[in-house]
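No lab work stands behind these numbers, since they all come straight from the coordinates. Worth saying up front: this structure is predicted, and the values here are computed from it rather than measured. Virtual Cβ from ideal backbone geometry, glycine too; neighbours counted across all protein chains shown.
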């Protein structure tokens, strides 16, 4: 028959969300003097199971067996909003690459921080591609193979041309940058954004209008 104190220790340790100190365990059982023997017995019992009883300092807790860590790793896709500034920056890089940050700012007409560049790099859609041979040697930015893959392109030549964008009405809606022949955004970029959300104020109707 299993000892009552042994069952109680097992239940306390299993239910606890954090390691439990020995003194707290000792107070919960009738035969406190047997605490170490009981804990050692539990430890041996669980040594070859999916969870192990682990001692850290004067605290005890159940932990997943180390040899199962790889099988229990959970990968989650985190949805993050792509800002209007990041969308415009990505578009300019896609059509004007390789291009420096100051050149992007000239096209957009506003100064930009590192946020948009950093976010696009984190996603894996842009990368540094050398430095421009001018004073200061600023970094040049280009799109990546992941960008081409994600947006369902065979290569960059599959991006819509200026005439196609004019036909869709997009360039007319963005008159402030209509003179920038290389600024555009790909139809598939919205349809294939499986893991990203677009800010509502981006106005998707203005982003792409399909006939």
Checklist entry - If each residue's Cβ is checked for other Cβ atoms within 10 Å, how do 29, 51, 134 rank with the fewest at the top? => result 134, 51, 29
Checklist entry - Working out 0.36 nm times the residue gap between residue 144 and residue 21, then minus their Cα-Cα distance, what length gain in nm do you get to one decimal? => result 39.1 nm
Checklist entry - Order of 26, 36 from fewest to most other C-beta atoms within 10 Å? => result 36, 26
Next on the checklist: I'd like the distance separating the alpha-carbon centroids of region 1-52 and region 74-136, in whole Å.
Outcome noted: 55
Next on the checklist: Using only the Cα atoms of region 4-68, what semi-axes does the equivalent ellipsoid have when each is the square root of 5 times a gyration tensor eigenvalue? Give whole Å, largest first.
Outcome noted: 19, 12, 10
Checklist outcome for this item: Least to most buried among 110, 20, by other C-beta atoms within 10 Å and fewest first, runs 110, 20
Checklist outcome for this item: Dividing the alpha-carbon radius of gyration of region 56-150 by 2.2 N^0.38 Å, where N counts its residues, gives 1.65
Item to check | Binned Cα-Cα distances of region 1-124, short to long, each 5 Å bin given as a whole percent | outcome: 2, 9, 16, 13, 7, 5, 4, 5, 5, 6, 8, 8, 6, 4, 3, 1, 0
